[in-house]
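The values are calculated or read from the model by the stated rules, or taken from the named source; none is laboratory data. These numbers come from a predicted model, not from an experiment. Reconstructed Cβ throughout: ideal geometry from the backbone, glycine too, with neighbour counts over all protein chains shown. Only protein heavy atoms, including side chains, enter the accessible area calculation; ligands, DNA and RNA are left aside. Shrake-Rupley method; radii C 1.70, N 1.55, O 1.52, S 1.80 Å.
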Amino acid sequence: MKTSDFAATSALGLLAPNAENFNHLLEVSAEAVIVVHRTSGRLLAVNTAACKLYGFPRSTLQQMRYPDLATETKSVVTIFNERREHVPLRYHRRADGLHFPVEMNLRWAGSGDEEYTFIAVRDVSEHFRRERQDKDEGQRYQALFRAAPYPLYLLNSRGIIIEVNTAALERYRCEMAEMLDQHVSTFLGDAQQAARYYLSRQSVLSGEWHRRRDGELFLADILLTRQQDSNGQTTLVAVRDITEERALIDRLKASEERWRFALEGQGDGLWDWNLASNELSVSDDFREAIGMPPGSGQENLAAWLERISPDEAKPLQQAFSALLRGTTPLLEHQLRVRCRDGDYHWLEMRGKVMEWSLQGRALRIVGSIRDIEEERRKAEIEQSRQEQMLHTARLVSVGEIASALAHEVNQPLTAICNFSAVALHKLKAGAPQNELTSLMQTIAEQAMRAGNITHQIRSFVKKGKTSLRPLSLQQLIAGILPLASMQAKAFEANLDIAIDPELPEVQADQVQIEQLLLNLIRNGFEAMKQSAAPRQLTLRARSEADARVRVEVIDHGPGLSAAMINGHWEPFYSDKEDGLGMGLSICRSIIENHSGHLWAEPAPDGGAKFCFTLACAQEEAHAEHP
């Protein structure tokens, strides 16, 4: 026997089947292995991996039959009758009763009643889980892709459309069959740009012209997302139609140009403040108005700030703060600025925020500026003339009630003279001190009464600028009641006062409203001077909606002409024979200074009713009119 044959025989002897070698062979496999008798289905042997897989100890598992592990008896018969060598999917049962999917590879051995099979069992639960996850993700992707509100389509590495969503079909006005398998160049305004969509590395394409199926073009911004898979590179194309957006921008630019042309035609200087870069762009008229030298945006801002009067810096800052917070939609502010001639001029500044960030921060303010020095000078002259006219009207009013005033003052003066004579007589006669004290107290009271009348007249006729402040109408009417009562006596009339006790304060100038009321009251008395007694004049005041107070003066005279009811109260026009035509015109000027409304209407019971409104007092306690 040759040496090689002897060696082979020895090796085969070593590998001869025995229990120890058989168990070693089973344990070598990392997968679960069970040995099953074909006829009975009994498990002849199992390895450690099988015990872990099924959850049974080896002794228990080797007492079981294969049908005890399988969940379907019919499949067991099929596997053993057909001597299957591969079973891709079956469900087995663990010791805890749970079912799990397995893949099996079988090798048959023996013959007849001694035939058995080696089964390698692999748990494919994780594989199934990944497959289900991939399937679910694929379905979610498809759902998102199809339902996306913006056009999407997928290109392969040759630029062919392989997927498209509903929004893209609507945007390009296509059916699915008309867009799938088409080259992307079919839907571009310039077909030569197609390669950029699937060959270049660009991810954003701005302002691209795309073509619908009917040939109509639209402007779009394109976002490209590329990915590599087993089929090669694919490109996801997202399309955003910006045709209307670009048209709107063009219209805004054209509108801004017309706006600039209109303002510059009026002589207004224009300014444009970029808050992000803190740069100020100004027009030539702006530079001309304040004598600003040429410079960059930041130099313009510095030159502007140094020309503002120090007293105006804080109010201007507050006005801009209100604009930037959105408290006011429009900046309207007057300030003094040093101009080309070195003098400070009044300028009117207007501005509006034109751009906001997504976070709500102002990015750009555009506005105009205009020299109003001459306008303010004229306004001051007009204000002075108006105040002089009001003062003159008050003097005229005093003159009209002079006779009643003389009567009112004469009464306390006469009383003073009479009581003084009595006091002197008693003093000479040696009267008791208590009698003299009573007489002197009466004299003092009458002197105080005369002084009060004189003080009221003096306060009424003194000059002063319009000063709006919170006032109580009840107190104001009470203050003019003595003068009004004098006129009532002179015209043999009665004055009825009806004021809402809950009446709020009004924002008004006391002297001007007193003059207004006395004018209307005197007009009412004069209107009734030919009427039969009793002559009744009513003064009412009540609250109205929109934070206003309404005051009514109602007489029972002959009423008003149509021209007077229609508000034709021009200066020097009067219904009265001896009237100058100034009273109602002045009354209207006073109410206009208070941002109120004055009108006349027929009284319900005959006569005339004059009405006016005043704004209720706000938190601001004081406001000066220029």
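Which residue out of 114, 170, 178, 208 is of a type outside the set (S, T, N, Q) and more than 46 Å from the chain's Cα centre (by Cα)?
Exactly one residue qualifies, and that residue is 114.
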Query raised in the report: Given (1) open to solvent by less than 80 Å² (accessible area, probe 1.4 Å); (2) closer than 12 Å to residue 239 by Cα, where does residue 156 come up short, assuming only one miss?
Result: (2)
Query - In region 288-303, the residues that are part of a helix (DSSP H, G or I) and in contact (Cβ under 8 Å) with a residue 24 or more places away in the chain - result: 288, 289, 290, 301
Report summary line: The number of residues in region 325-344 that are under 21 Å from residue 273 (Cβ atoms) and either at pLDDT below 85 or not basic (Lys, Arg) (or both) is 12
Query - Hits in region 204-221 - residues which are farther than 19 Å from residue 166 by Cβ and open to solvent by less than 60 Å² (accessible area, probe 1.4 Å) - result: 205, 207, 208, 215, 219, 221
Query raised in the report: Among the residues of region 54-77, which ones are of a type in the set (A, V, I, L, M, F, W, C) and surrounded by fewer than 18 Cβ atoms within 10 Å (Cβ to Cβ)?
Result: 64, 77
Report summary line: Condition set crowded, with 19+ Cβ neighbours inside 10 Å and touching a strand residue (DSSP E or B) at 6+ places or on another chain (Cβ under 9 Å), scope region 478-487, selection farthest from residue 532 (Cα to Cα): answer is 484
Query raised in the report: When region 224-248 is examined, which residues are found to be outside any strand (DSSP E or B) and open to solvent by 70 Å² or more (accessible area, probe 1.4 Å)?
Result: 230, 231, 244, 245, 246, 248
Query raised in the report: When residues of region 157-178 are filtered for being part of a strand (DSSP E or B) and of a type in the set (A, V, I, L, M), how many remain?
Result: 4
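Does region 163-174 contain any residue that is within 30 Å of residue 49 (Cα to Cα), of a type in the set (D, E, K, R) and exposed (fewer than 15 other Cβ atoms within 10 Å of the Cβ)? Before you say what the answer is, go through the steps one by one.
Let us first name the residues in region 163-174 that are within 30 Å of residue 49 (Cα to Cα), namely none.
No; the residues of region 163-174 include none that is within 30 Å of residue 49 (Cα to Cα), of a type in the set (D, E, K, R) and exposed (fewer than 15 other Cβ atoms within 10 Å of the Cβ).
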Query raised in the report: Of the residues 221, 181, which single one is of a type in the set (Asp, Glu) and not in a strand (DSSP E or B)?
Result: 181
Report summary line: Just one listed residue, out of 312, 306, is part of a helix (DSSP H, G or I) and open to solvent by less than 40 Å² (accessible area, probe 1.4 Å), and it is 312
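Please report, ordered by residue number, the strands (runs of 3 or more DSSP E) entirely within region 506-597 with at least 3 residues that are among the charged types (D, E, K, R), modelled with pLDDT of 80 or more and open to solvent by 70 Å² or more (accessible area, probe 1.4 Å).
Counting at least 3 such residues, we get 535-544.
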